[in-house]
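To start, the structure itself, in structure tokens.
Readers should treat all values here as calculations from the given coordinates under stated rules, not as data from a laboratory. Everything quoted here is computed from the prediction, not taken from an experiment. A quick note on method: Cβ atoms are made from the backbone with ideal geometry, for glycine too, and the neighbour counts reach across all protein chains shown.
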Amino acid sequence: MPRKIAIIGAGIAGLASAISLSNELTPKLSDLEIIVYERSKELSTAGGAISLTPIAQRHLDDLGVLSKLNQMGPEAGVEVDTIDLFALNSGRRLGPLRLTASKDAGCDNYKGRRVKRISLALAMVAAIEDLPKVSILYGKKLTGGNTTDDGATLIFDDGTSASADLALGCDGVHSPTRTRIVDPGNESKYSGVSFVQSITSAVNASQPTRSETTSLHIGRHGSILTSYCDPNREKLFVAAVLKVNEILIERYYAALEGDAAAQNSMKMSLRYLVRTQSNNSRSPALRKMVDHAEDWALCPVYQVRPGRPWHRGRIMLLGDAAHAMPPRDESTTHALEDAIIFSRTLSHNIGQPIANSFQEFECERRAFIDNAFDESFHLWQRNQDLAASLNYLKDPMSPISRPASPDVNVERIPPLSVPLPMNDSFSDLSVCSLTQEYLGSHGII
């Protein structure tokens, strides 16, 4: 049984793994030591606001994180159970998309939540501070390492190294743990879609918003999402979901390494991209929100090839490092589930070779993840094909629905002739692709 565990990456997967492993193993191993190695010198504020499904909220509650998050006042985010849908060009309200978890998911008491990524990270770190077996080291950028059946060695760019009985690669879609140790050469692939996003003051947007919490403005060439991310409704998250050329992405990252002038110039370019979309809208409120947002960031969506190795020797990949999805599924829920299931598997197999836990975990997760990847890929591909073939059609003019699936409950609203959708996935790209799939298949866009 591993007593010294190294976790590479202090993102959601890494922090959740540290908490879950401590909860599961501390009662069984008095000499347990868990160290999280984070490449940044402090917690990253990148990523803007994220969405938590009801299932993700339940997992965070199980980990003891949700109570920490709820104590953060305005930074705790805002609960969301409905996304209001609008046609981008005409401004017509299409109806609500109701968010719900599967009946058997045990999430009846939980809603979705929009929260800033840094707020969730701080809540997870607060939970870790209550765990004496866990520590976090910052400024540890992984550059290489090796692993055998007996342990793992990690090498960092500051010239130091670390050894562990078990190492978990939780370092995201561009994971060096994956590309340099577990599956060399398995680089992430750009999906062709990016978020251009900002968080701005809702006070500056003098026009009233059109939704209690979250609205999505659907267009043929892109969509714009706006959402409050605090209970006092003082902060607005604004994001455009667009096809962005890789050349712009390269220039964006080059600008981040440049001086203030280069960074400001790139922010203005991103702002122009979003304003180009919002200027097509007849909604004064939407245009006002985009106009007042200034600090724009580019967040490309990447994916990892499915069917590749998740482990080697004493190293296991979790979360996006193992299976970043095409633009549909909410990776936060997958990351939390990976952390919890792996920790319980390891605890269940205490005293057994680690290889047994690796195999059992993969048997538990591989088919589910592969199926989720396939569904995401095919849905997104259909969405792209529809967008290419239906550009000539008019703006949406009727309410929307989508066919029922085992995880989707559909209810009929009496004043309307078409049932409105409910969905248990709360990622912004999931909502976009599912909605556009329906609109296109019914000739609405």
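Key figures
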{"quantity": "Too-long pairs where the Cα-Cα distance tops 22 Å, listed order kept, from 141/235; 68/111; 28/133", "calculated": "141/235"}
{"quantity": "Net charge contributed by nearby residues that have their C-beta within less than 13 Å of residue 152 (K/R +1, D/E -1)", "calculated": "+1"}
{"quantity": "Taking 220, 39, 178, 233 and counting other C-beta atoms within 10 Å, the order from fewest to most", "calculated": "233, 39, 220, 178"}
{"quantity": "³J(HN,Hα), Karplus 6.51/-1.76/1.60, whole Hz, each residue of segment 259-274, x for Gly, Pro", "calculated": "7, 4, 5, 5, 5, 5, 5, 5, 4, 5, 5, 5, 4, 4, 4, 5"}
{"quantity": "Label-point gap, in nm, between residue 109 and residue 62 - each point 7 angstrom along Cα→Cβ", "calculated": "1.5 nm"}
{"quantity": "Peptides ranked, highest mean first, by Cβ atoms within 10 Å: ranges 120-132, 2-14", "calculated": "2-14, 120-132"}
{"quantity": "Burial order of peptide ranges 364-370, 80-86 (average beta-carbon count within 10 Å, highest first)", "calculated": "80-86, 364-370"}
{"quantity": "Listed residue (217, 190, 232) projecting farthest to the positive dipole end of segment 189-302, Cβ model", "calculated": "217"}
{"quantity": "Cross-link partners of residue 140 among lysines (Cα-Cα below 17 Å; sequence separation of 8 or more within a chain)", "calculated": "41"}
{"quantity": "Cleavage-rule hits, GluC sites (Glu not before Pro), segment 1-47, DSSP coil, Cβ neighbours within 10 Å at most 15", "calculated": "42"}
{"quantity": "Neighbour cut-off at most 11 other Cβ (10 Å), DSSP loop, GluC sites (Glu not before Pro), segment 236-306", "calculated": "257"}
{"quantity": "Convex hull volume per residue for segment 24-83, taking Cα atoms only, in Å³", "calculated": "139 Å³"}
{"quantity": "Ellipsoid semi-axes in whole angstrom, largest first, where each is sqrt(5λ) of the Cα gyration tensor of segment 189-302", "calculated": "24, 16, 12"}
{"quantity": "Length-normalised contact order of segment 189-302 in % [C-alpha pairs under 8 Å, at least 6 apart]", "calculated": "42 percent"}
{"quantity": "For residue 202, distant residues with modelled amide H under 5 Å away", "calculated": "235, 236"}
